[in-house]
Amino acid sequence: MSLLIASGVGIGRLTAPVAPAQVALPSDVTAEWQAAIDANRQEVADTRQYLQENTQALARKVAMLQADMMRLNAAGQRLIEVADLDEGEFVFDAAPAVGGPEIEIEGDLPRLEDVTGTLGELDRQIAGREREMRVLEDLILASRLQSEGHPEGRPILSGWISSLFGVRTDPFTGRRAHHYGMDFAGREGSEVVAVASGVVTWAGHRHGYGMLVEINHGNGYVTRYGHNQKHDVKVGDRVAKGDVIARMGNTGRSTGPHVHFEVLRNGKVVNPAKYIRAQG
């Protein structure tokens, strides 16, 4: 028997179920969810930006450290050359040799902050080492310059000693007179060389000396080269030991081609003989 249902419009047979009513979520709940999603999305974006910026900063820091290492290597190589050290003992362009057994320390993996902090400390250490190496280089250079500024050797490449320092018979008057240098005779036009590094403080004619070159070597030393035919240097020139400074001549108070060689120490003329013999 069929089930009949009464209604305001008549009686009919039940053929399908009734659909349940739609349930709407409260607006405040959906807004909270959306805010949480937006906050998470922004946090991801901020984290990505933070990592990108720190990666760039890390890359710049690494590049700076590499440049610093190149400068340190160059300074180290310079020290080897200046100090005349064994290049095989100090190799600045290779990683230092290290090794040995190690035991790992348990703990968290290093964080970005730890790495950047270590790099910062390494950067400060490199800067300190660079300053120390610059000071050491300056000291070595000063020592070398002081050594090169000490008069040693003969002022000519070929020739012979024609007159010594001290009392002699003056070749012009025949009287006894003091000779304040040593004379080196040779072929006119032959090379006259500096016996030490220094700065030219005179290059011209001077009474009695003829054409004269005077060099200040520092540390109280001055050398003079007289009777030149011509000069290869001028006032203010820096010369190294062994540089050609003039050509042997017969100018001034002279009886023939030679170099009158003087050495002054703290303003006083001294016997050049010991400086000539010092060359060994």
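The values are calculated or read from the model by the stated rules, or taken from the named source; none is laboratory data. In this text the structure is predicted, and so the values were computed from the model without any measurement. All Cβ positions, even for glycine, are placed from backbone atoms using ideal geometry, and neighbour counts span all protein chains on display. Ligands, DNA and RNA are stripped out before the accessible areas are found, and what is left, the full protein with its side chains, is counted by its heavy atoms. Shrake-Rupley method; radii C 1.70, N 1.55, O 1.52, S 1.80 Å.
Residues whose amide H comes within less than 5 Å of that of Arg253, counting only those at least five positions distant or on another chain, are Gly208, Tyr209, Gly210 (H built at 1.01 Å from N in the peptide plane). The phi torsions of region 174-181, fed into the Karplus equation with coefficients 6.51, -1.76 and 1.60 and a -60° offset, translate into couplings of x, 8, 6, 8, 8, 9, 8, x Hz, rounded to whole numbers, with Gly and Pro shown as x.
Stretching Thr55 away from Ala67 to a fully extended chain increases their span by 2.5 nm, per 0.36 nm per residue minus the current alpha-carbon distance.
Given R0 = 35 Å, the distance between the Cβ atoms of Val167 and Val199 translates into a calculated FRET efficiency of 0.60. Gain on full extension, evaluated as 0.36 nm per residue between Ala35 and Ala273 minus their Cα-Cα distance, stands at 76.0 nm. Per-residue accessible area (protein heavy atoms, 1.4 Å probe) orders His178, His150, His231, His205 as His205, His178, His150, His231, starting from the largest.
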